[in-house]
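Below you'll find the structure, written out as structure tokens, and then a few comments.
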């Protein structure tokens, strides 16, 4: 399935659930966009070395559901299973970033502005990582 056709590709926010080694789920609201390279992936940009990137380092299983900006999921919202992989190569992270900016526009570019301002006052930008998501096209239980 093309990512632009996936039901989550148009969601403003998605609850990305990753799993601890013991199987405990940890949900985080994120922006998600179709990959710009035409692959089947949905993509997420994040600060590297966060809980979600660490959890994906040992367990690729993810679940996704549409949500609001605070991670609240509407009753009856569909849940999708998939796998996630973290990318740290500069070109891959740039491609993920470009896909997110293409979908979210000015709000996504705002972090670039913050980075530019903070770098001028000597605050170093945290490293970024991309998350490539391969998500099943049909919801769980459908």
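Only the coordinates and a few stated rules stand behind these numbers; no lab work does. These numbers were taken from a predicted model, which means no experiment stands behind them. Here the Cβ positions follow ideal geometry from the backbone for every residue, glycine too, while neighbour counts run over all protein chains shown.
Which ordering of 63, 83 is given by a fewest-first count of other beta-carbon atoms within 10 Å? The partial results should precede the final answer.
Numbers: 63 17, 83 14.
In increasing order of surrounding Cβ atoms, one gets 83, 63.
Here 64, 132, 56, 106 are placed in order of increasing Cβ neighbour count within 10 Å, fewest first, which gives 106, 132, 56, 64.
Model label sites at residue 26 and residue 85, defined 7 Å from Cα along the beta-carbon direction, differ in position by 2.2 nm. Here 87, 44 are placed in order of increasing Cβ neighbour count within 10 Å, fewest first, which gives 87, 44. Remark: spin-label model distance residue 60-residue 48 equals 2.0 nm, labels positioned 7 Å along the Cα→Cβ axis.
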